[in-house]
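The structure appears below as structure tokens.
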Amino acid sequence: MSRLYRHVLEVRDKSTVPLSEELDFMWHYVSILSIRYNNALNVDFQGREHVGGHRILPLVLQMLIENIAKHNEISLRKPMTVSVRVEAERIVVSNPIHPRSNVASSSFGLGYIRECYRLQGGTMTYGGDGACFRVELSYLDR
């Protein structure tokens, strides 16, 4: 837990961070979430060979995982597997949709991330097809 808190303090004033550091942070963060959700939340990280020197917004992957947890039922009855795919040109985060009945969506969080990406010269797109929700993040390399 201290490693996670230390990371948050280290990146809070940075405009971008190395993708490799964010993925390491996410591995630790997901291990704690897995305990919280009684192993019903899993995150499948793919494509580490594409990490290279790419940069992204600090804590953006954590915000996306929190968004998934906020809007979806995650339980032993309805386990959640999130895919985080590092591709040559972007990162793709996708999940099956298991909507929680008591959560209204304002899209504020996703809109905030998209605006931060725009301000850094990047792009963020998102959408769903009813069964799966997908977010694509460009790299913020300079």
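A compact table of results
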| item | result |
| --- | --- |
| Relative packing of peptides 62-68, 36-42 - highest average C-beta neighbours within 10 Å first | 62-68, 36-42 |
| Along principal axes, Cα extents of the chain, largest first, whole Å | 43, 33, 28 |
| Farthest positive-ward along the chain dipole, Cα basis, beta-carbon charges - from ALA88, SER20, GLY53 | SER20 |
| With Cα atoms, 0 to 90° folded angle of helix 19-36 axis to the chain main axis | 20 degrees |
| Charged-residue dipole, Cβ positions (Lys, Arg, Asp, Glu), the chain about Cα centre, Debye nearest 20 | 340 debye |
| Amide proton proximity set for ASN42, modelled H, under 5 Å, gap of 5+ | MET80, THR81, VAL82 |
| Fewest-first sequence of PHE25, PHE45 by Cβ atoms within 10 Å of each Cβ | PHE45, PHE25 |
| Residue-averaged [θ]222 nm for the chain, counting only DSSP H segments that reach four residues, each worth -39500 (n - 2.57) | -11500 deg cm²/dmol |
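Just so you know, all these numbers are worked out from the coordinates, no wet-lab data involved. Predicted, not measured: the structure shown is a model, and the values here were computed from it. Counting neighbours? That spans all protein chains shown, and the Cβs are built from the backbone with ideal geometry, glycine included.
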